[in-house]
1. Report, by residue number, each residue of region 53-100 that is part of a strand (DSSP E or B) and closer than 18 Å to R156 by Cα.
2. Could you tell me which numbered condition G161 fails, if it satisfies all but one of (1) open to solvent by less than 80 Å² (accessible area, probe 1.4 Å); (2) at pLDDT 85 or above?
3. Contact list please: Cβ distance under 7 Å, first residue in region 119-148 and without any contact (Cβ under 8 Å) to a residue 60 or more places away in the chain and of a type in the set (F, W, Y), second residue open to solvent by less than 20 Å² (accessible area, probe 1.4 Å) and assigned to a helix (DSSP H, G or I), pairs at least six apart or on different chains.
4. Taking interchain pairs and intrachain pairs at least six residues apart, which have beta carbon atoms under 8 angstrom, with the first residue in region 52-74 and more than 15 Å from G95 (Cβ to Cβ) and the second open to solvent by 40 Å² or more (accessible area, probe 1.4 Å) and aromatic (F, W, Y)?
5. Taking the condition of being open to solvent by 20 Å² or more (accessible area, probe 1.4 Å), part of a helix (DSSP H, G or I) and not β-branched (V, I, T), how many residues in region 101-146 meet it?
6. Could you list, ordered by first residue, the pairs with Cβ atoms under 6 Å in which the first is in region 80-94 and β-branched (V, I, T) and the second is open to solvent by less than 10 Å² (accessible area, probe 1.4 Å) and at pLDDT below 95, at least 6 apart or interchain?
7. Restricting the search to region 121-156, which residues are small (G, A, S) and out of contact with any Phe, Trp or Tyr (no Cβ under 9 Å at 6 or more places or on another chain)?
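The values are calculated or read from the model by the stated rules, or taken from the named source; none is laboratory data. Only a predicted model underlies this, so the values are computations on that prediction, with no experimental measurement involved. Counting neighbours? That spans all protein chains shown, and the Cβs are built from the backbone with ideal geometry, glycine included. Ligands, DNA and RNA are excluded from the accessible area calculation, which covers all protein heavy atoms including side chains. Shrake-Rupley method; radii C 1.70, N 1.55, O 1.52, S 1.80 Å.
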Amino acid sequence: MRRMGTSPERWYIHVGPEGFDWPTNSLWRRGGEAVTIEVQGLDPDRMVVLSLKPRFAEAILVGDKTVELRRTMPKIVVPTRALLYAATPMRALLGTCIVTDVASADLAVQWREYGSRTGLLFHEFQHYFEGVDAGAALTLAHPQPFSRKIPLEDLRATPRGFRPPQSFAYVDAETGSRLMGRRSSSARRSSQSWSRSPKIVSRSCV
């Protein structure tokens, strides 16, 4: 089994009434309303957007699904923050979680080690990995649902637009924070625009 590397720095995630704040390397509390979660080595430079069936995105956010399987191993330093995009018919960003481990193994090992944590039935597992001999298992932790989902039409309201990935996409930290910032826009339909274009690199695993 092969795993991705980890970052040596120490970072903190601040969870307050509005959800996650972007990680910093200093402790932060606000009148006892926020809880600080320490995450060793959280990648401060970029996030990963995971495109999921709605039932899987929702299962991650309630803690029922703690492993996401992919045909292709994402090139990330763990732990890394993930944005959870629910595909058709929902088509919205629902929340975030932290990818704490990425492991590559043959399919027999994948199912034995992770099957019960994926939310998949065995025939679904077989169908998804048809034609390949190995896959990647992303271990997920600290799910944080947004107070309201961010619909695709709001996510597209960026200088270059947001295109949902077929499997996953890498986004720089600033772009990720801006996408999450669309929560307020979806609530009040703000006309605020962003001056810098997002940097998004998509990766399909089909």
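1. Filtering region 53-100 down to residues part of a strand (DSSP E or B) leaves 67-70, 78, 80-86, 92-100.
Across region 53-100, the qualifying residues are L83, L84, Y85, A86, A92, L93, L94, G95.
2. Failed condition: (2).
3. F125/G115
4. L69/Y128; R71/Y128
5. First, the residues of region 101-146 that are open to solvent by 20 Å² or more (accessible area, probe 1.4 Å): 101, 104, 106-109, 111-113, 116-117, 119-124, 126-128, 130-134, 139, 141-146.
Restricting the remaining residues to those that are part of a helix (DSSP H, G or I) gives 107-109, 111-113, 116-117, 122-124, 126-128.
Of the ones still in play, those that are also not β-branched (V, I, T) are 107-108, 111-113, 116-117, 122-124, 126-128.
Summing the residues that are open to solvent by 20 Å² or more (accessible area, probe 1.4 Å), part of a helix (DSSP H, G or I) and not β-branched (V, I, T) in region 101-146 gives 13.
6. That search, which allows pairs on different chains as well, returns T80/V48.
7. At the first step, the residues of region 121-156 found to be small (G, A, S) are 131, 134-137, 141, 147.
Selection gives G131, A134, A136, A141, S147.
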